[in-house]
Every structure is written in structure tokens, then in C-alpha cells.
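The values are calculated or read from the model by the stated rules, or taken from the named source; none is laboratory data. Because the structure is a prediction, the values reported are computed rather than measured. Cβ atoms come from the backbone with ideal geometry, glycine included; neighbour counts cover every protein chain shown.
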Amino acid sequence: MIAKNGNAGKSRHSVDSQKAMVGYGRPPVATRFKPGTSGNPKGRPRGCKNLKTLIREAMTASIAIQEGDKSRRVSRLEGVVLRQVQSALRGSDRAALAVIKMALQLGFLEDPAGNASDVALSKEDERILNALVARSRQDK
């Protein structure tokens with residue numbers, strides 16, 4: 001009887017040579033990236049932030065504001081909006097137009113039921129808005 005060789009059905013390449021095979025997606029072992037190293041070592045450093053991230057962090061940072069005799073912490077963006085509204089209430093035409101424009105863009109001045117044609121301004125409100133618009137056109 002002839003003894004069967006356990007490697008008879010396998011290819012001529014040994015197991016070690018199969019690990020060292022070179023081809024598509026299999027670079028030579030000597031030139032492969034070492035574990036833990038990047039393919040672009042001179043690329044963007046870790047922790048480097050883009051402009052969008054920097055602006056987001058700057059606008060969401062917390063600041064202290066004074067309301068009456070109390071102090072509270074709000075985001076910088078909220079502080080800007082509060083300052084704009086405060087300035088509008090003190091009589092600044094530009095600030096008032098900016099606040100109204102923000103409210104229109106966000107839909108706060110629309111009727112929740114969608115009946116915009118049914119809503120009418122009082123004569124006094126209409127006069128104030130017309131005067132404000134006329135003054136803003138003169139400033140430009």
C-alpha cells in the first residue's frame with residue numbers, strides 16, 4: 001500500500017508562500033503599512049478643525065448675560081438674538097427690521113391656522129410698520 005501524503009491535494013506553494021503572495025489588494029509584506037500607522041502620515045493632524053466646526057463651537061459657547069439683577073448663562077447665538085431684540089425695543093429701526101425679518105423667515109408671524117388673509121392689522125400697527133419701512137428706505 002502506498003501511504004497518502006497529507007499535502008498531495010494542495011498546490012505547490014507552501015503556507016508561508018501563500019502569506020507572501022503579491023497581487024491586487026496584497027502588496028509585498030515589506031511595503032505594507034505597519035499596524036497603527038496611517039497611509040498619509042503628513043496629512044491632516046488629529047484634532048484639527050474646519051471652519052464650520054470652529055464657527056459652531058464659537059456660536060454655541062456659553063456666556064453670562066445680565067437680566068435685571070439676575071445673571072444667567074446662554075449660548076452666544078442666543079445672546080446675539082436677545083441683544084438684537086433689546087435694541088429693537090429701545091427704538092433702533094435697523095434692529096427692529098432685522099428682528100421682524102428673522103421672525104418672518106422662521107414663520108413666527110404667520111397665522112398657525114393658515115388664514116393669513118383673515119388677519120388684519122390695526123390702523124395704528126399698520127401706520128407704525130409703514131413709517132418704519134419708509135425710514136429704512138430713506139437710510140439706504
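Details
- Helices (runs of 4 or more DSSP H) within segment 1-120 that include 1 or more residues modelled with pLDDT of 85 or more: 51-60, 76-89, 93-106
Condition check ((1) surrounded by fewer than 10 Cβ atoms within 10 Å (Cβ to Cβ); (2) aromatic (Phe, Trp, Tyr); (3) free of Cβ contacts under 8 Å to residues at least 24 places away in the same chain) across all residues:
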residue	(1), (2), (3)
25	yes, no, yes
31	yes, no, yes
46	yes, no, yes
50	yes, no, yes
70	yes, no, yes
80	no, no, yes
87	no, no, yes
110	no, no, yes
136	no, no, no
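- Complete set of residues in segment 52-93 that are within 30 Å of residue 138 (Cβ to Cβ) and either among the aromatic types (Phe, Trp, Tyr) or in contact with a Ser or Thr (Cβ under 7 Å, 6 or more places away or on another chain) (or both): 93
- Residue in segment 52-72 that is over 19 Å from the mean Cα position of the chain (by Cα) and among the basic types (Lys, Arg) present: yes
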